[in-house]
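K.L.:
My questions will all concern the structure given below.
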Protein chains: 2
Amino acid sequence: MTTTATREAEVFVPGHITGFFSAHHTDDPATTGSRGAGLTITTGVKLEVCRGPTVSPGITLNGKSISIDAVDNVIDRLDIDDINVNAQTALPLGAGFGVSGAMTLGVAFGSNAVADKTNTRAESALITAAHCAEVRAGTGLGDVVAQARGGFPIRVEPGAPHVGQLDGITATPRVEYCSFGTVSTESVLNADTNTLTTAGEQALETLQSTPTAAQFMTLAHQFGVEAELMTPKAQEVIADVQTAGGTAAMAMLGNTVFALGNDLSAAGYDPVVCQTHSGGVSIQQQGNYQTGGQHNPRTIEHSS
Amino acid sequence: MTTTATREAEVFVPGHITGFFSAHHTDDPATTGSRGAGLTITTGVKLEVCRGPTVSPGITLNGKSISIDAVDNVIDRLDIDDINVNAQTALPLGAGFGVSGAMTLGVAFGSNAVADKTNTRAESALITAAHCAEVRAGTGLGDVVAQARGGFPIRVEPGAPHVGQLDGITATPRVEYCSFGTVSTESVLNADTNTLTTAGEQALETLQSTPTAAQFMTLAHQFGVEAELMTPKAQEVIADVQTAGGTAAMAMLGNTVFALGNDLSAAGYDPVVCQTHSGGVSIQQQGNYQTGGQHNPRTIEHSS
């Protein structure tokens with residue numbers, strides 16, 4: 001009996017909530033990006049990536065076929081055929097959690113893991129490919145590099161790895177969020193970004209001199225006000241949290257309010273609760289299975 | 001009743017096994033470091049760091065008082081008084097797992113977490129302080145930056161964050177190791193490093209063109225031979241693994257043999273088993289307790 005090897009990998013990418021940012025556009029997607037700060041969270045996107053003749057190419061998210069420009073773009077850039085992606089997430093789409101960045105980065109890492117050895121890339125090349133794909137699609141400027149790093153990232157200089165520069169806040173707080181719907185990232189990024197960039201630059205300077213979680217929350221809230229990006233619903237919820245003595249801010253960009261500790265629940269809301277994610281994108285498992293044999297995804301190969 | 005606040009934090013730092021390296025010395029510890037590649041592992045060092053008038057300053061590792069030059073050095077650099085550190089690890093000392101780097105980095109992160117807010121630093125400043133402290137002490141050149149990053153780090157350019165440059169292999173293999181004792185890192189780093197640096201530079205170039213776990217193992221083994229750093233015991237164990245069809249290498253620098261997958265156990269050894277660690281150093285928890293009240297370390301603060 002002839003068996004045909006099908007390779008598969010499972011990848012996890014944390015969600016990313018941006019608190020404030022400034023947009024920096026150049027002619028090159030690798031040097032285009034954002035400065036700012038955000039939080040990666042334990043709620044993220046889990047992707048099963050397969051490759052082989054037994055599976056038909058296709059991308060699903062939570063069981064439904066989905067088309068994401070940045071994902072198509074990164075598959076083209078990495079030049080890997082027959083990729084099949086089955087992704088699951090508890091995060092809402094378009095609500096400020098970087099789901100498109102997570103999908104793009106996860107597909108880059110997963111595709112690389114199932115590619116032929118001759119086509120294997122190091123992490124920085126995969127992150128660069130995913131970052132450039134998101135920038136070209138106009139759906140994000142800083143999510144990919146933040147999700148690749150994990151933790152509580154400060155985007156000190158914009159752009160892909162070895163071009164941009166990242167730092168981080170050491171704190172790993174509990175995070176609460178309530179999401180009320182979508183805000184179009186494209187429409188904000190394609191509009192005049194001067195006001196938000198001025199506000200974002202000031203916030204970054206202040207955060208760098210006092211890099212604490214409490215300072216981040218104060219600056220994220222201020223940024224939403226100054227950049228005039230707050231939705232009426234976010235304003236209402238943030239006011240409630242303030243009345244209860246807490247601090248909350250709007251996720252950039254989504255109709256989502258987030259807070260640290262228990263500041264949303266203390267104000268009477270019923271938020272989703274998660275934690276700051278300590279690492280970035282990672283391969284969870286990687287294995288071969290034979291179409292004529294038994295599926296054994298738990299065998300961690302060291303051949304790639 | 002007057003209560004006095006004592007702050008405490010728990011930090012985890014992964015172990016780090018260097019496979020091959022080249023040494024790069026300059027007049028500045030921030031630009032001094034190593035290029036090369038290694039693996040961070042889930043076996044690491046857990047540190048409880050406290051600060052306050054109720055605890056006496058002191059550093060213990062596995063319950064015993066210990067003095068580590070790089071740790072003293074980083075506490076001085078960060079200028080934080082009254083630090084008490086209680087560290088635990090299953091890793092042997094001086095055996096090539098970066099325990100001194102882990103202690104130094106863990107103390108930097110832990111001290112920062114319990115410091116006054118006005119003295120809070122971002123991650124890159126803490127990693128730089130720990131890296132420079134290790135370089136000055138002569139006990140390591142690349143462990144700190146690798147342990148701060150996590151995963152399967154490639155040290156592309158030497159030095160502290162924003163000076164050096166890191167990349168990574170995407171694989172997250174299971175790791176096995178057997179340790180037979182110590183090798184003095186200082187004595188190797190203080191001797192002529194020309195031979196090892198030539199071998200390490202060649203290995204790095206090859207790994208960058210094929211950044212896979214299998215390639216890393218082959219290069220790590222070759223490096224041990226070419227740099228003439230292998231102990232007789234390591235040579236014997238590596239030969240046994242090769243006879244059984246596997247690949248193993250010596251940890252740089254310790255009398256330790258490591259392998260991926262089950263290559264050591266398949267050769268009849270009874271190794272310690274762990275996994276590649278997906279993240280770098282991280283604060284596990286952080287809290288206040290009142291000397292007049294109840295200890296509640298699970299309260300994650302968002303004030304720092």
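K.L.:
Filter region A:145-167 down to the residues that are within 10 Å of chain B (Cβ to nearest Cβ) and assigned to a helix (DSSP H, G or I), then identify the one that is surrounded by the most Cβ atoms within 10 Å (Cβ to Cβ). Please lay out each step first, then the result.
P.N.:
Filtering region A:145-167 down to residues within 10 Å of chain B (Cβ to nearest Cβ) leaves A:148-154, A:156-157, A:161-162, A:165-167.
From the residues that got through so far, the ones that are assigned to a helix (DSSP H, G or I) too are A:148-149.
Working: A:Ala148: 31, A:Arg149: 26.
Among them, the one singled out is A:Ala148.
K.L.:
Given B:Leu207, B:Leu229, B:Leu264, B:Leu196, which one is in contact (Cβ under 8 Å) with a residue 12 or more places away in the chain, within 22 Å of the chain's Cα centre (by Cα) and under 30 Å from A:Ser282 (Cα atoms)?
P.N.:
On the way: B:Leu229 fails: under 30 Å from A:Ser282 (Cα atoms); B:Leu264 fails: within 22 Å of the chain's Cα centre (by Cα); B:Leu196 fails: under 30 Å from A:Ser282 (Cα atoms).
Going through B:Leu207, B:Leu229, B:Leu264, B:Leu196 in turn, the sole match is B:Leu207.
K.L.:
Among A:Thr182, A:Thr170, which is part of a loop (DSSP other than H, G, I, E, B), hydroxyl-bearing (Ser, Thr, Tyr) and within 13 Å of another protein chain (Cβ to nearest Cβ)? Please lay out each step first, then the result.
P.N.:
Numbers: A:Thr182 fails: within 13 Å of another protein chain (Cβ to nearest Cβ).
That would be A:Thr170, the only listed residue that is part of a loop (DSSP other than H, G, I, E, B), hydroxyl-bearing (Ser, Thr, Tyr) and within 13 Å of another protein chain (Cβ to nearest Cβ).
K.L.:
Any idea which residue in region B:172-193 is surrounded by the most Cβ atoms within 10 Å (Cβ to Cβ), counting only those that are of a type in the set (A, V, I, L, M) and within 19 Å of the chain's Cα centre (by Cα)?
P.N.:
Step one: list which residues in region B:172-193 are of a type in the set (A, V, I, L, M), which gives B:175, B:183, B:188-189, B:191.
Checking the rest, the ones that are also within 19 Å of the chain's Cα centre (by Cα) come to B:175, B:183, B:188-189.
Working: B:Val175: 27, B:Val183: 20, B:Val188: 16, B:Leu189: 19.
Filtering first and then ranking leaves B:Val175.
K.L.:
Being part of a loop (DSSP other than H, G, I, E, B) and either among the aromatic types (Phe, Trp, Tyr) or assigned by TED's automatic domain parsing to the domain that holds B:Leu189 (or both) is the requirement here; does B:Phe21 meet it?
P.N.:
Criteria not met by B:Phe21.
K.L.:
Looking at region B:113-150, which of its residues are of a type in the set (Val, Ile, Thr), at pLDDT 95 or above and in contact with a helix residue (DSSP H, G or I) (Cβ under 8 Å, 6 or more places away or on another chain)? I'd like the intermediate steps shown before the answer.
P.N.:
Of region B:113-150, the ones of a type in the set (Val, Ile, Thr) are B:114, B:118, B:120, B:127-128, B:135, B:139, B:144-145.
If we keep only those that are at pLDDT 95 or above as well, we get B:127-128, B:135, B:144-145.
Residues satisfying the conditions are B:Ile127, B:Val144, B:Val145.
K.L.:
In region A:48-102, what count of residues is obtained for those that are within 17 Å of the chain's Cα centre (by Cα), crowded, with 19+ Cβ neighbours inside 10 Å and over 27 Å from A:Val272 (Cβ atoms)?
P.N.:
Going through region A:48-102 one residue at a time, the tally reaches 2.
K.L.:
Of all the residues that make up region A:211-255, how many are of a type outside the set (Val, Ile, Thr) and in a helix (DSSP H, G or I)?
P.N.:
So in region A:211-255, the residues of a type outside the set (Val, Ile, Thr) come out as A:211, A:213-217, A:219-224, A:226-230, A:232-236, A:239-240, A:242, A:244-246, A:248-255.
Of the ones still in play, those that are also in a helix (DSSP H, G or I) are A:213-217, A:219-224, A:226, A:232-236, A:239-240, A:242.
Total satisfying the criteria: 20.
K.L.:
From the list B:Glu157, B:Glu134, which one is over 16 Å from the mean Cα position of the chain (by Cα) and of a type in the set (D, E, K, R)?
P.N.:
Working: B:Glu134 fails: over 16 Å from the mean Cα position of the chain (by Cα).
After ruling out the rest, the residue left standing is B:Glu157.
K.L.:
Going residue by residue through region A:214-227, is there one that turns out to be out of contact with any helix residue (DSSP H, G or I) (no Cβ under 9 Å at 6 or more places or on another chain) and either over 28 Å from B:Asn119 (Cβ atoms) or within 14 Å of chain B (Cβ to nearest Cβ) (or both)? If you could, list the steps in order and put the result at the bottom.
P.N.:
Within region A:214-227, the subset out of contact with any helix residue (DSSP H, G or I) (no Cβ under 9 Å at 6 or more places or on another chain) is A:217.
Restricting the remaining residues to those that are either over 28 Å from B:Asn119 (Cβ atoms) or within 14 Å of chain B (Cβ to nearest Cβ) (or both) gives A:217.
Yes, the conditions are met somewhere in region A:214-227.
The values are calculated or read from the model by the stated rules, or taken from the named source; none is laboratory data. This one's a predicted model, so the numbers in the text were calculated from it and none came from an experiment. Positions of Cβ are generated from backbone atoms using ideal geometry, with glycine treated the same way; all protein chains shown enter the neighbour counts.
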